[in-house]
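Here's the structure, in structure tokens; my notes come after.
The values are calculated or read from the model by the stated rules, or taken from the named source; none is laboratory data. For clarity, every value in this text was computed on a predicted model and none was experimentally measured. Here Cβ is always computed from backbone atoms with ideal geometry, including for glycine, and neighbour counts include all displayed protein chains. Heavy atoms of the whole protein, side chains included, go into the accessibility calculation; ligands, DNA and RNA do not. Shrake-Rupley method; radii C 1.70, N 1.55, O 1.52, S 1.80 Å.
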Amino acid sequence: MPIALAAPSMAAQTLGGVTDEIGVIRVPKGAPITIGGYWVISGPDTALGTDSMRGAKVAFADHGNKIAGHPINFVVEDDQCNAEGGQTAATKLASNPAIVIVLGPACSSAATPAAPILWQAGIADIGTASSAPSLTAPDRKPGYDGFLRTIPSDLGQGKADANWLYNKLGARSVVAVHDGSPYAQQLAAVMAKNFQELGGKVLSTEAVAPTDVDMHPVLTRIATEKPDAVYMPIFVAAAAQMLRQSKEVPGLEKTTFIGGGSLMAPEFIQAAGPSIVGFRIAYPDVSPSAMGKTYPKMVEEYKKMFGEAPISGYHGNAYDAAVIAINAIEKVAKTGPDGATYIGKKALRDAAFASKFDGVSGPIACGEHGDCATFHPAVYEFTSSDPSTFKIGTNPKQIYP
Amino acid sequence: MSGAVLPARQSMTLRQILHRITFVDVALWSLRILVLVVVIGGTIGTLIKSRYGSAQWVDFIVFGVTIGSIYAQVALGYTMVYGVLRLINFAHGDIMMTGAFAGYFVATGYDRSGFLASNPVTAILITMLVSVIVSTSIALIVERIAYRPFRHVRGFAPLISAIGASFFLEQTFRGLFGSSVKSYPDLHWVNPNLNVLGYNIPKMDLVVIGAAIVSMAVLYVVVNHTKMGTAIRAVSEDKEAAALMGIDVNKVVIFTFTLGGVMAGIAGVLYAFVFKQVYFYMGFTPGVKAFGAAVLGGIGNVPGAMVGGICLGLFESVGPSLFFDGIGITAPYQLRDLIAFTLLIMVLIFRPNGLFGERLAKERA
């Protein structure tokens, strides 16, 4: 259902017989349709973004690399999983007049500044692993009206994590650690709120910087509180330092450390070394039984295309994001009298928000604020410190449910 | 009569004084008072709360001195080069990274073969040797290619070249070895801690602190009590005059970069064995902090770099708990850089040449 939107800085336009409130894109006959993408494809969190990018490429291949009779031109920018990178990537994509729609990112830190820049240019953006609740909150700012996502909001993840910590692990006291990123900060806050509602005690919330290397002081501080668990949904480099150095700080021997979805990557095994064995991360359930019916087939195609098993867990979400984009473009694209294809930007945004289908990551049904995915919680435990053994389900193995 | 004149004079003086007070003076004094209130109030509050026992304070101090020792070793390289060339060698942190990377391949090889577990001291020494060879070679190559052409150029060109060299090294290593974080092996000590006066101190931390003290002592002796040291001091005083006295300036500069490269190589391996990760960007933050440490101690001054590094490390480690816990600031560790750099600013406000003063500042003045 179309909703009243804050208009981007673009005027209504009529082109090739198509009229749209915020502009029309013309794709000449035989020319490619350009789809943008932005993910973290460098640095310690590369696997998060590369896995998503590959998921989208598999979806394009499944559609014969064509949309509405046009070949696909996929333009990907690196957002480096931070706000500055997201802003730069979005600015580059927004300045390209051929971009029809954008996929990504994996990181909420990048999505937070990027989505409004894209929507200002009238470009809808489908997030693939950026899960911070604020991005699709009912009171989100008008700049986010063009943002939707195929990853569930962390409102569900935080609640499920609190439930697992309290009811399954038996933790009664917890320290939450974030790194100031929207993802980590909001997820830690949601978990803490739910943990307290269950009757648990949140001893403190600590913060580290993603580039911190000396975690000894903050771990010593945490050790004085004697928590049952430390909940740290932070990123690879800092999480690996926390985990390794926790073994050297007295007072944390009985404390369970648990991480978040940002750590589902072979890079984390490489960074954490032997201390990773037994470490657990809370993550959406990506076992074949929890995913869509077509997921196993998609994984086989992924392996065939890239010569290895998925390197993280968000390829299915990205595949579905690409399907939303393809279906929405095909729904609104019109052929003009000159044989060119015309796509209304607002119409495309509305078509994407109206998506409903059985995706490879599960049922996809987008709400008015852009949440399209269904959440199934799970907890995984690493079993080996050899990065080559990384395989979701084996290392780390699923221990819940 | 005189009684009536005196208050008028005093009033004039007061007015003159008030007239001379600028906005900057007010801001600086406000900053000093604010810092003092936070430091004193926070410390009293933290001690009253008694959250930390003596074991935790000892841990904070040891962790601080350890990371401070690494900053100090990197700062020694900055300070030596600055002393001789008046050049801020921004690539120095990245030269440390190159050594740490070279050491990574040796250390992981030894770990896989079991040599690191059976002969940890020999394995560390060989790792360090490889690291020193690589970092020194790269330091000399950088000097030859990126700095020497600008040696007689005034202005910002040498600085820009140094920044360019820094990016070049980072991106080259990223291209060669990937952008992921690599894990250094653990040292398999039978007992990783040493009991000192009832407190457990990690042995590796003691190695790092000891290595920094030895490095500084050796550098101090080299600079102050050897022929080459005399030449270094002469060149840093006046290059042209030193050349006229028969000193080979080129040789002195090469020797200085060699010393800096050696320090960076040792620091890189120690850093990696303590913090256990290497990646292409790892030199940037310690490099910036070590530069801060060199400035804090008095750039160009060898003992100053050492003291500056340890002060910076200590404030980073102890500061958040000591100053911020007591005034109820949550998650104080995210403010550790604020504490470190506020310290730097405060010291420079009172002592613009750093704690020990720039080595040649007094003589030049």
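Return the long-range amide H neighbours of residue A:234 (sequence gap of 5 or more, or a different chain), with a cut-off of under 5 Å between placed amide H atoms.
Excluding prolines and chain starts, which carry no amide H, the hits are A:260.
Kindly identify residues of the range A:257-295 having a loss of at least 50 Å² in accessible area between the isolated chain and the assembly of all protein chains, probe radius 1.4 Å.
With the partner chains in place, the range A:257-295 has these residues losing at least 50 Å²: A:270.
Seen from all sides and averaged, what is the projected area of the convex hull of the Cα atoms in the protein assembly as shown, in nm²?
For the protein assembly as shown, the mean projected area of the Cα convex hull comes to 42.9 nm².
Could you give the size of the charge dipole of chain B about its Cα centre, using +1 on the Cβ of each K and R and -1 on the Cβ of each D and E, expressed in debye and rounded to the nearest 20?
680 debye
Work out the P(r) tail for chain A: percent of alpha carbon pairs separated by more than 38 Å, whole number.
20 percent
Less than 11 Å Cβ to Cβ from residue B:51, Lys/Arg counted +1 and Asp/Glu -1: what total charge do the surrounding residues give?
After counting each charged neighbour, the total is 0.
Say each of residue A:247 and residue B:194 gets a label point 7 Å from the Cα, pointing the same way as Cα to Cβ; how far apart are those two points in nm?
So the two model labels end up 2.2 nm from each other.
Once Rh is set to the Kirkwood radius over Cα pairs, what Stokes-Einstein translational diffusion coefficient, in µm²/s, holds for the range A:332-395 at a temperature of 20 °C and a viscosity of 1.002 mPa s?
For these conditions, the coefficient is 136 µm²/s.
Dividing the Cα radius of gyration by the Kirkwood radius, what Rg/Rh value follows for the range B:56-364?
Across the range B:56-364, the Cα-based Rg/Rh ratio is 0.98.
Find the cysteines in the protein assembly as shown that fail to meet the 4.7 Å Cβ criterion with every other cysteine, and list them.
B:311
May I ask for the accessible area buried between chains A and B, both sides summed, probe 1.4 Å, to the nearest 100 Å²?
Roughly 2700 Å².
Step through the residues of the range B:38-43 one at a time and calculate ³J(HN,Hα) from phi using the Karplus curve (6.51 cos²θ - 1.76 cosθ + 1.60, θ = phi - 60°), rounding each to whole Hz and writing x for Gly and Pro.
5, 5, 6, x, x, 5
Between Rg and the Kirkwood Rh of the range A:158-316, both from Cα atoms, what is the Rg to Rh ratio?
With Rh from the inverse mean 1/r over Cα pairs, Rg/Rh is 1.01.
Quick one: what does P(r) look like for the range A:267-312 with 10 Å bins over all Cα pairs, in whole %?
Per 10 Å bin, starting at 0, the Cα pair percentages come out as 22, 37, 34, 7.
Describe numerically, in nm with one decimal, the distance between label points set 7 Å from Cα along Cα→Cβ at residue B:125 and at residue A:289.
According to this spin-label approximation, the distance is 5.8 nm.
Could you compute the net charge surrounding residue A:203? Neighbours are other residues with a C-beta less than 13 Å from the C-beta of residue A:203; K and R count +1, D and E count -1.
+2
Roughly what angle does helix A:83-94 make with the longest principal axis of chain A, taking Cα atoms, 0 to 90 degrees, to the nearest 10?
For A:83-94 against chain A, the angle is about 10 degrees.
Which value in nm describes the separation of the simple spin-label points at residue B:230 and residue A:209, placed 7 Å from the Cα toward the beta carbon?
With each label point 7 Å from Cα toward Cβ, the separation is 4.5 nm.
How large is log10 I(q)/I(0) at q = 0.29 Å⁻¹ when the Debye formula is applied to the Cα atoms of the range B:59-100, each weighted equally and without solvent?
Result of the Debye calculation: -0.95.
Give me the percent of the accessible area of the protein assembly as shown that comes from carbon and sulfur atoms, probe 1.4 Å, all protein chains in place.
That fraction is 63 percent.
List every residue whose amide H lies under 5 Å from the amide H of residue A:173, counting only residues 5 or more places away in sequence or on a different chain, with H placed 1.01 Å from N in the peptide plane.
HN-HN under 5 Å from residue A:173: A:201, A:228, A:229.
Under a Cβ-only charge scheme (Lys and Arg +1, Asp and Glu -1), can you give me the dipole magnitude of the range A:202-265 about the Cα centre, in debye to the nearest 20?
100 debye
Can you run phi through the Karplus equation (6.51, -1.76, 1.60; θ = phi - 60°) for the range B:157-174 and list ³J(HN,Hα) in whole Hz, with x for Gly and Pro?
Residue by residue, the range B:157-174 yields 4, x, 5, 5, 4, 5, 5, x, 4, 4, 5, 4, 5, 4, 6, 5, 5, 5 Hz.
Pop out the ³J(HN,Hα) list for the range B:45-62 in order, Karplus 6.51 cos²θ - 1.76 cosθ + 1.60 with θ = phi - 60°, rounded to Hz; leave Gly and Pro as x.
Per-residue couplings from phi come out as x, 5, 5, 5, 5, 6, 6, 9, x, 5, 4, 5, 5, 4, 4, 4, 5, 5 Hz.
Lysines near residue B:239 by alpha-carbon distance under 22 Å, same-chain residues fewer than 8 away left out - which ones?
By straight Cα distance, residue B:239 reaches B:227, B:251, B:362.
What is the angle, in °, between the Cα long axis of helix B:227-237 and the longest principal axis of the Cα atoms in chain B? Nearest 10 is fine, range 0 to 90.
Helix B:227-237 sits roughly 40 degrees off the main axis of chain B.
Using modelled backbone amide H atoms (1.01 Å from N, in-plane), which distant-in-sequence or interchain residues come within less than 5 Å of residue B:277's amide H?
Sorted by chain and number, the residues that satisfy this are B:184.
Could you state the angle between the C-alpha long axis of helix B:92-113 and the longest principal axis of the C-alpha atoms of chain B, as a value from 0 to 90 degrees rounded to the nearest 10?
Helix B:92-113 and the main axis of chain B meet at about 40 degrees.
By accessible area of protein heavy atoms, probe 1.4 Å, what ranking do B:174, B:15 get, highest first?
Output order, biggest surface exposure first: B:15, B:174.
Holding the Cα-Cα limit at 18 Å, pick out from B:203/B:276; A:293/A:391; A:29/A:57; A:391/B:276; A:254/B:276; A:226/A:254 the pairs that are longer than that.
A:293/A:391; A:29/A:57; A:391/B:276; A:254/B:276
Compute, for residue B:218, the solvent-accessible surface of its heavy atoms (probe 1.4 Å) with the complete set of protein chains present, and express it in square angstrom to the nearest 10.
The accessible area of residue B:218 comes to roughly 80 Å².
Report the antiparallel proportion of the DSSP beta bridges in the protein assembly as shown as a percent, rounded to a multiple of 5.
50 percent
Round to the nearest 0.05 the FRET efficiency obtained for residue B:13 and residue B:153 when R0 = 60 Å and r is the Cβ-Cβ distance.
After rounding, the FRET efficiency stands at 0.75.
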